[in-house]
Amino acid sequence: MINLAIDLGNTRIKFGVFDQNILKNNWAGNSDAAKIKFEQILKEFKVDHIMICATGNSKDFVTFVENRGLSFELISSFTPMPFINGYKTPHTLGIDRMILVASAHEDFSGENVLIIDAGTCVTYDFKDASDIYQGGSISPGLQMRFNAMHEFTARLPYLTPVETKIDVIGKDTNEAMQSGVVNGLIAEIDGLIDWYKGKFGDLKIILTGGDGQFLSGRLKNGIFANSNFLLKGLNYITVFNKS
């Protein structure tokens, strides 16, 4: 069974082609390039099922798939999941967060897992050892923090994260902003990880999302970095619901 997992995010579109649970092909890019890649995938693979996670401004791409006459499933809060959802308002829970928890259930059933998705926002989601999703937290992502300082002040410049080491004490405005955003987010993530470890003991930590690789080498805590964790979760939900 060949499954095509599609993640329509806030800033880019990602594809994952799975043969059962094996990732055979993956790709990420903007909407225009995604339409071309989509056609190429359909020519290269005999796709049996298409599963879509739509969290960004994705109506155009969903319409594109519909106009091709293809059947697909759009994940919603009503899609059956392999874990118990303990969220107080399950129908308001972000679809992407649900899929990440499903992926954690596949890899670490019976274990405490904290999933950190570093994208436009940074989400923290916790599944306990009883495979119950307990909730988490949401904070601004790296670029959102830079954008906010630029847009809500008169004189701070527009910046993007730099790959070089960033000192805590910035010697000019740019360095100070880099330190505040990058070192501040690192301190936030490490602090929350320490809190979860103190409360729940043995803990698996997953880091994913567009800024996951940027952050992974800067964090002090041991983590599993997996940029395709959401795509893997989409495929798992497909297999779970087709079984």
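All of the numbers you see were taken from the coordinates with simple rules; none came from a lab. Source: prediction; values computed, not measured. We place every Cβ from the backbone using ideal geometry, glycine too, and count neighbours over all the protein chains shown.
In the chain, helical runs assigned H by DSSP with n ≥ 4 each contribute -39500 (n - 2.57); averaged across all residues and rounded to the nearest 500, the mean residue ellipticity at 222 nm is -11000 deg cm²/dmol. Over all directions, the projected convex hull of the C-alpha atoms in the chain averages 14.4 nm² in area.
Across the stretch 2-74, the fraction of Cα-Cα pairs farther apart than 18 Å, rounded to a whole number, is 29%.
Springs join every pair of Cα atoms under 10 Å in this Gaussian network model of the chain, and among ASN67, ASN174, ASN228 the largest mean-square fluctuation is at ASN67.
For the stretch 47-144, divide the Cα radius of gyration by the Kirkwood radius and give the resulting Rg/Rh value with two decimals. Answer for the stretch 47-144: 1.01. Across the chain, the longest piece that holds none of the GluC sites (Glu not before Pro) lying in DSSP loops with up to 16 other C-beta atoms within 10 Å covers 1-110. Look at the alpha carbon pairs under 8 Å that are at least 6 residues apart: their mean separation over the length of the chain gives a relative contact order of 20 percent.
Evaluated with a Cβ-only charge set (Lys, Arg +1; Asp, Glu -1), the stretch 2-74 carries a dipole of roughly 140 debye about its Cα centre, given to the nearest 20. About its Cα centre, the dipole of the chain is roughly 200 debye, where the only charges are +1 on Lys and Arg Cβ and -1 on Asp and Glu Cβ. Considering only beta bridges that DSSP places wholly inside the stretch 2-74, some 65 percent are antiparallel. Applying a threshold of 29 Å to the alpha-carbon distances of LYS35/LYS165; LYS88/LYS204; LYS37/LYS204; LYS24/LYS88; LYS127/LYS165; LYS88/LYS232 flags LYS35/LYS165; LYS37/LYS204; LYS24/LYS88; LYS127/LYS165 as lying beyond it.
Classify the stretch 190-243 from the C-alpha gyration tensor, please: rounded if a/c falls under 1.5, else prolate or oblate depending on whether a/b exceeds b/c. Since a/c reaches 1.5 but b/c is at least a/b, the shape of the stretch 190-243 is classed as oblate. Specify which residue in the list ASN30, GLY56, ASN67 is farthest towards the positive end of the charge dipole of the stretch 2-74, using unit charges on the beta carbon of Lys, Arg (+1) and Asp, Glu (-1), about the Cα centre. Towards the positive end, the residue furthest out is ASN30. Neighbour counts of other Cβ atoms within 10 Å put PHE146, PHE61 in the fewest-to-most order PHE61, PHE146. For the stretch 2-74, the relative contact order works out to 36 percent when only alpha carbon pairs closer than 8 Å and six or more residues apart are counted.
The 3J(HN,Hα) values that the Karplus relation (6.51, -1.76, 1.60; θ = phi - 60°) gives for the stretch 174-187 are, in residue order, 4, 5, 5, 5, 4, 5, x, 6, 6, 5, x, 5, 4, 5 Hz. Gly and Pro appear as x. Here the relative contact order of the stretch 141-231, from alpha carbon pairs under 8 Å that lie six or more residues apart, stands at 20 percent.
Spatial offset of the stretch 182-218 relative to the stretch 81-139 amounts to 15 Å, using the alpha carbon center of each. Run the quick spin-label model on ASN25 and ASN85: label points 7 Å from Cα toward the beta carbon, then report their separation in nm to one decimal. It is 3.2 nm.
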